[in-house]
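Enquirer: I have a structure here, written as structure tokens, and I will follow up with some questions on it.
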Amino acid sequence: FIKIPPKDAYRCKAELLKTTGEINTSLVVDENVPCILPLFVLSENEQTITFEIEGEEPFTYDLNAKNSWYYFRINKKTRIISDVPFANCSPILCRHNPNNKKLVLNIFIDSFSFRVFKLFSKNNDAITGLKELMPNTYNFFNKGVICTNAYTDSEWTTPSLSSYWTGKYSDKTMNLNTDVWFPFDYNTKLLSEYYEEHGYMTACINSNDSCTPSKGYMRGITRELYKARGYNKEELVTDTIEQLRAFKDCDQFVTLEIEDLHDIAGGFPRSLAIQATTDLEKLRTDNSLLSTIKQTRSVNKQDIYINELKQLDFYLGVLYKYIEDNYNSNDYVVSFFSDHGTAFMVENSEPTICKQRMNVPFMFRDNIHNCITDELVQNVDFPAILCNMSGINYNYSGTDSNLPEFLGGKARDLAFSHTIFPGDCYQAAIFTKDYTYYFLSKDKVNPEFRFDISDSSYGIINDNENTDESQDSDLPDLTVLTDIVLSHIKNSIIR
């Protein structure tokens, strides 16, 4: 089994590390501090390594697992000699920089609609719903920052997550379709690269096919575990804790990406606990389904979704406890966020880009900031927020990122979302606390992400039920809002 493992990322986890780019038969490690050396077996057969540790007798060690990574903790000068070539990473130093956090952990949950908390709550209050539905998550982030007015800039993962990692709206990254992929601009520093430059051991534990290593998300990452299917919350949380324990003597920047909620929309089999606790009648199809993104309202799927969130909170509770038991409160920053809401929890009368769908969970925990805020924030603000909480200077030049008021920055007046998807009409929305502006093209987006905006429709909807209709005259000028949309699509308009 260990000599002939499967080689695809569907049947097994792929473990990727950034190597030195060299192939060696001998190597001297002399870092003056304890370190961990990742070494990759290249031999088609058993590979024998000889260790010559300074001041000690040499010894040999057999590496039996082909196409596998081995990790060796080295405490003093050591020469490594092999009978056949091997690949290796630069040694990972086991030390903490006093200017760094010992842990920066990002918990990304695909397809997490903030609306579910209001729907679950008896009094239509999101925070009450969060407390009742996900008590472990509430108790952990109630000691930090919970944003109730956070918006993503796209309705699906590929463009939205690109905005999280670059601080740029999707019309700048152009990561709009998995079939036509534009690599990240190398003049754009990814969030992971900020932490890599500051000496963090960076890692990603991932099952998301919109942010694979081959799509550029390996940039700035030392180690990634990836599996395309069947890599669910139970195993993902366990592997994350294993990562934290293995490199506990290093400053770590770790991203955990969980797909379990998204899989409900896709109809993929659920875990044992979900299957065994879901009433049979909830499996009845009660909506129309074109894709995970395009489907109508479903109460049955919503109930499964709620069950899944309860199970997810249970496993995340194990992770939260590990953090609180093993780190001082001033030693870590933890974030919790999502890329978009869920189609089957949006009322059928709502457009694709609407508050019900674009409003996502956005939470942070450090040892300084503590509030529940309705300040408008966006996914493009994420890198600025995380770097600020970590004591890292963030370069705002060329980005759309904004530092929120709750961190000493300036509050946004509005949030922007849109969808540029081939074969669909272009849609955009501008959100404030009281109203939403919508823009809809009549023409469909072509394969080159371009479209005609003649005969487009646009207008404002008052979202505040407590606002007198007579105050509609105070709404902003439609021309101003339309110009904001046009500034985002100026390179896509067919003239």
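The values are calculated or read from the model by the stated rules, or taken from the named source; none is laboratory data. Bear in mind that the values here come from a model prediction, so they are computed numbers and not experimental data. Cβ coordinates were reconstructed from backbone atoms using ideal geometry, including for glycine residues, and neighbour counts include every protein chain displayed. For the accessible areas, the whole protein counts, side chains as well, though only heavy atoms, and no ligand, DNA or RNA atoms are used. Shrake-Rupley method; radii C 1.70, N 1.55, O 1.52, S 1.80 Å.
Enquirer: Carbon and sulfur: what percent of the chain's accessible surface (1.4 Å probe)?
Expert: Numbers: 10450 of 21840 Å².
That share works out to 48 percent.
Enquirer: Please compute P(r) over all alpha-carbon pairs of region 354-495, binned at 5 Å starting from zero, and give each bin as a whole-number percent.
Expert: The calculated distribution, bin by bin, is 2, 8, 16, 17, 17, 15, 12, 8, 4, 1, 0.
Enquirer: Scan region 201-238 for trypsin sites (Lys or Arg not before Pro) in coil per DSSP, keeping those whose Cβ has at most 15 other Cβ atoms within 10 Å, and list them by number.
Expert: Answer by residue number: R229.
Enquirer: May I ask for the Kirkwood hydrodynamic radius of region 34-163, worked out over all distinct Cα pairs and given in angstroms to one decimal?
Expert: 19.9
Enquirer: With the Cα gyration tensor of region 169-252 in hand, give its eigenvalues times 5 under a square root as the equivalent ellipsoid semi-axes, listed largest first in whole angstrom.
Expert: 25, 19, 8
Enquirer: Next question, about the same structure. Which order do the peptides 428-437, 23-32, 369-378, 41-50 take when ranked by the mean count of other beta-carbon atoms within 10 Å per residue, highest first?
Expert: Those peptides, ordered most packed to least, come out 428-437, 369-378, 41-50, 23-32.
Enquirer: On to the next question. Where only protein heavy atoms count, and the probe is 1.4 Å, what is the accessible area per residue for region 1-121 in Å²?
Expert: Working: 6460 Å² over 121 residues.
Result: 53 Å² of accessible area for each residue.
Enquirer: Which of the listed residues, L316, Y164, A65, is farthest toward the dipole's positive end in the chain, when Lys, Arg count +1 and Asp, Glu count -1 at the beta-carbon?
Expert: Looking along the dipole axis, the top candidate is A65.
Enquirer: Okay, next question. Please list 183-191, 165-173 highest first by mean number of surrounding beta-carbon atoms within 10 Å per residue.
Expert: My ranking of the peptides, most packed first, is 165-173, 183-191.
Enquirer: Using label points projected 7 Å from each Cα along Cα→Cβ, tell me how many nm separate E350 and Q275, to one decimal.
Expert: Rounded to a tenth, the inter-label distance reads 3.1 nm.
Enquirer: Tell me, what is the per residue accessible area of region 342-495 in Å², probe radius 1.4 Å?
Expert: With all protein chains present, region 342-495 gives 46 Å² per residue.
Enquirer: Reachable aspartates and glutamates from K282, Cα under 14 Å, same-chain residues fewer than 8 places away excluded?
Expert: D303, E308
Enquirer: On to the next question. What is the dipole size for region 1-102, taken about its Cα centre, with +1 at each Lys and Arg Cβ and -1 at each Asp and Glu Cβ, in debye to the nearest 20?
Expert: 680
Enquirer: Can you tally the net charge around N379? Count Lys and Arg as +1, Asp and Glu as -1, for every other residue whose Cβ sits under 15 Å from the Cβ of N379. Please report the intermediate quantities before stating the final value.
Expert: Working: positive: K168, K172, K355, R357, R412; negative: D110, D153, E155, D171, E257, D339, E375, D381, D400.
Result for the neighbourhood of N379: -4.
Enquirer: Calculate, for region 218-331, the solvent-accessible area per residue in square angstrom, rolling a 1.4 angstrom probe over the heavy atoms of the protein chains.
Expert: Working: 4950 Å² over 114 residues.
Solvent-accessible surface per residue comes out at 43 Å².
Enquirer: Let me ask you something else. Taking a ≥ b ≥ c as the square roots of the Cα gyration tensor eigenvalues, with a/c under 1.5 meaning rounded and otherwise prolate when a/b beats b/c, else oblate, which class fits region 120-274?
Expert: Numbers: a/c = 1.42, a/b = 1.25, b/c = 1.13.
Taking the square roots of the gyration eigenvalues as a ≥ b ≥ c, region 120-274 is rounded.
Enquirer: Looking at the chain only, what percent of DSSP beta bridges run antiparallel? Nearest 5 please. Can you show the working numbers first?
Expert: Numbers: 58 of 86 bridges.
Beta bridges within the chain, antiparallel portion: roughly 65 percent.
Enquirer: So what are the radius of gyration and Dmax for the Cα set of region 294-386, in Å?
Expert: Rg and Dmax of region 294-386, Cα atoms, are 16.3, 48 Å.
Enquirer: Still on this model: Give the long-range amide H neighbours of N88: residues separated by 5 or more places, or on another chain, with amide H under 5 Å away, using H modelled in the peptide plane at 1.01 Å from N.
Expert: T20, G21, E22, F40
Enquirer: Expressed in whole Å with the largest first, what are the equivalent ellipsoid semi-axes of region 219-348 derived from the C-alpha gyration tensor as the square root of 5 times each eigenvalue?
Expert: Taking √(5λ) for each Cα gyration eigenvalue gives 32, 16, 14 Å.
Enquirer: Taking every Cα atom in the chain, find the radius of gyration and the maximum pairwise distance Dmax, and write them in Å.
Expert: Rg then Dmax for the chain, in Å: 24.2, 88.
Enquirer: Further question: Charges on Cβ only, +1 for Lys and Arg, -1 for Asp and Glu, centred on the Cα centroid of the chain; of N206, T128, N395, which one is farthest towards the dipole's positive end?
Expert: So the residue furthest toward the plus end is N206.
Enquirer: So, one more: Using the alpha carbons of region 1-104, what is the convex hull volume per residue in cubic angstrom, as a whole number?
Expert: 123
Enquirer: Which value results when the Cα radius of gyration for region 269-344 is divided by 2.2 N^0.38 Å?
Expert: In units of the globular-protein estimate, region 269-344 measures up at 1.46.
Enquirer: Using modelled backbone amide H atoms (1.01 Å from N, in-plane), which distant-in-sequence or interchain residues come within less than 5 Å of F72's amide H?
Expert: Here the answer is L37, L39, since their amide H atoms fall under 5 Å of that of F72.
Enquirer: Considering just Cα atoms, how many Å³ per residue does the convex hull of region 387-446 enclose? Working shown, then result.
Expert: Details: hull volume 7.1 nm³, N = 60.
Dividing the Cα hull volume of region 387-446 by its residues yields 118 Å³.
Enquirer: Here's another thing I want to ask about it. Only Lys, Arg, Asp and Glu count, each charged at its Cβ (+1, +1, -1, -1), so figure out the dipole size of the chain about its Cα centre, rounded to 20 debye.
Expert: 660
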